[in-house]
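*Asks:* I have a structure here, written as structure tokens, and I will follow up with some questions on it.
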Amino acid sequence: MEQEWLPLIERWIHFLAGITWIGLLYYFNLVQVPAMAAANADQGGPGGAGITKYVLPRALFWFRWGAVVTWLAGAALLGKHFVDAFTLQGQHVLIGIGAWLGTIMLLNVWGIIWPNQKKVLGLKPADDAEKAKARRLAFLASRTNTLLSIPMLLFMAASSHGAGLFS
Amino acid sequence: MKNPLDSIAGTIISGLVLTAVLIALANALM
């Protein structure tokens, strides 16, 4: 009984956290970035300071911890096949490619996006030039994760729905 | 040359190209 429930619960947590993480990634790229550009270009408008002060810290909290929970639940799901997946062995090639993409994305979140966003948010001291550079780096890492999410989701899905399409 | 990551369309097209490359890699490995 436990052997059937545990993978289901792990998969459930993987989906819930993954939707939180990737949903916020798409929010940043499809909504917030263009909204901030429009707000900054709107002379006499309210500007984007409210988004930076009130929305961004909360979104980044769920974003970065959603990434961690997604990865941990995914690793638990792989279980004894963890090494086979990451070394792209036999039938684990598809999930392995998805797992590698997800891992690179997690490292991007914690290694590039979050450290640079801390400068943008003023949680880490930075002058205006450093903030501008941090904003650009965080933006490019976020766009890279959006790019990587496209094959990542295909390979995650293909590992259990469509493996027969691959030779 | 413009960075494709500066636009949503460029990002999506790059993602689709990478998907095609990785499908070829998966087929070669399986």
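A short reminder: the numbers here are calculations on the coordinates, not readings from a lab. Because the structure is predicted, anything quoted here is derived from the model rather than measured. In this analysis, Cβ positions are derived from the backbone assuming ideal geometry, glycine residues included, and neighbour counts consider all displayed protein chains.
*Asks:* Across region A:114-149, what is the total count of residues that are among the hydrophobic types (A, V, I, L, M, F, W, C) and in contact with a Lys or Arg (Cβ under 8 Å, 6 or more places away or on another chain)?
*Replies:* The total comes to 4.
*Asks:* Related question: Restricting attention to region A:27-44, report how many residues are closer than 21 Å to residue B:12 by Cα and either within 12 Å of another protein chain (Cβ to nearest Cβ) or exposed (fewer than 12 other Cβ atoms within 10 Å of the Cβ) (or both).
*Replies:* Adding up the residues that qualify gives 7.
*Asks:* Sort out which residues of region A:117-152 are within 14 Å of chain B (Cβ to nearest Cβ), of a type outside the set (Ser, Thr, Tyr) and touching a residue at least 12 places away in the same chain (Cβ under 8 Å), and write them in order of number.
*Replies:* Those that are within 14 Å of chain B (Cβ to nearest Cβ), of a type outside the set (Ser, Thr, Tyr) and touching a residue at least 12 places away in the same chain (Cβ under 8 Å): A:135, A:137, A:138, A:139, A:141, A:143, A:145, A:148, A:151, A:152.
*Asks:* If you scan region B:18-29, which residues turn out to be surrounded by 14 or more Cβ atoms within 10 Å (Cβ to Cβ) and more than 13 Å from residue A:154 (Cβ to Cβ)?
*Replies:* If the condition is that a residue be surrounded by 14 or more Cβ atoms within 10 Å (Cβ to Cβ) and more than 13 Å from residue A:154 (Cβ to Cβ), then B:29 is the only one that fits.
*Asks:* Continuing with this model, one more query. Inside region B:4-30, can you point out the residues that are at the interface with chain A (Cβ under 8 Å from one of its Cβ atoms) and under 14 Å from the mean Cα position of the chain (by Cα)?
*Replies:* Within region B:4-30, B:5, B:8, B:11, B:12, B:14, B:15, B:16, B:18, B:19, B:22, B:23, B:25 meet the criteria.
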